[in-house]
Each structure stands twice: as C-alpha cells, then as structure tokens.
1. What is the sum of charges, Lys and Arg at +1 and Asp and Glu at -1, for the other residues whose Cβ falls under 14 Å from the Cβ of Gln88?
2. Using 0.36 nm per residue, how much length does the chain from Val55 to Lys30 gain when fully extended, once their Cα-Cα distance is taken away?
Amino acid sequence: MKYSFCAAAFGVASLILSASTTNAEEDICKSAGEAARAVMTQRQRDIDMSVMMEVVDKQQEIDELKKAFRQLIIAAYERPAFSTEDMQGKQIAEFANEVLLACYKRVK
C-alpha cells in the first residue's frame with residue numbers, strides 16, 4: 001500500500017511539474033495537495049471509485065496525467081472511509097499532507 005501511495009504522489013507531482021513550467025515548484029506541490037484533498041474528500045463521501053475513474057478518463061487528455069490521477073484515486077481508496085466528520089477531516093488532512101510531503105521531498 002505504501003508503495004502505490006508514494007508512486008501516485010510522485011507521479012502526480014512529477015507530471016504537474018513537467019506539464020507546467022511557469023509555476024513555482026511550491027505552487028505545483030500545493031496543486032498536488034489540493035488534488036489529493038479533493039480525491040480523499042470524495043472517498044470520504046463514499047463516491048463510487050468507478051465514478052471517480054470515469055471523471056479522470058473524461059477530463060484528462062494526457063495519458064501520463066490520467067495514469068497518475070488514477071494512481072492517486074487508488075491510493076485514496078486503499079484507505080478507510082469514516083462515518084464521523086471529525087475522522088473524515090483527519091483522514092483528508094493526513095492524505096493531503098502525505099502527498100505534499102512526498103512532493104516537497106521530490107522538488108527540494
């Protein structure tokens with residue numbers, strides 16, 4: 001599980017970095033963290049994983065980005081969904097912070 005999460009985080013960060021050369025590296029990591037937060041929020045709302053995959057497939061034209069976002073979704077769905085708002089918030093924040101940490105380590 002840890003490997004796929006790290007691969008997803010590095011994949012998203014690397015692809016965003018290579019796709020957007022005008023933004024500072026910190027902005028790229030911030031975007032990766034926001035993507036992770038959005039994915040985990042949907043996970044905590046029990047949105048069906050196949051729905052998330054369909055959205056990525058329809059919205060992402062770049063195959064590498066599509067693959068990276070699909071890996072991020074898989075990493076999110078490997079974690080549990082919680083029933084209380086407090087635990088959901090904690091899981092969302094933890095996931096986003098792990099993606100941010102992996103990104104910042106990559107671009108340092």
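1. On the way: positive: Arg37, Arg43, Arg45, Arg79, Lys90; negative: Asp46, Glu85, Asp86, Glu94.
Here the charged neighbours net out to +1.
2. Residue separation times 0.36 nm, minus the Cα-Cα distance, leaves 6.9 nm.
A short reminder: the numbers here are calculations on the coordinates, not readings from a lab. Since we're looking at a predicted model, the values are computed, not measured. Reconstructed Cβ throughout: ideal geometry from the backbone, glycine too, with neighbour counts over all protein chains shown.
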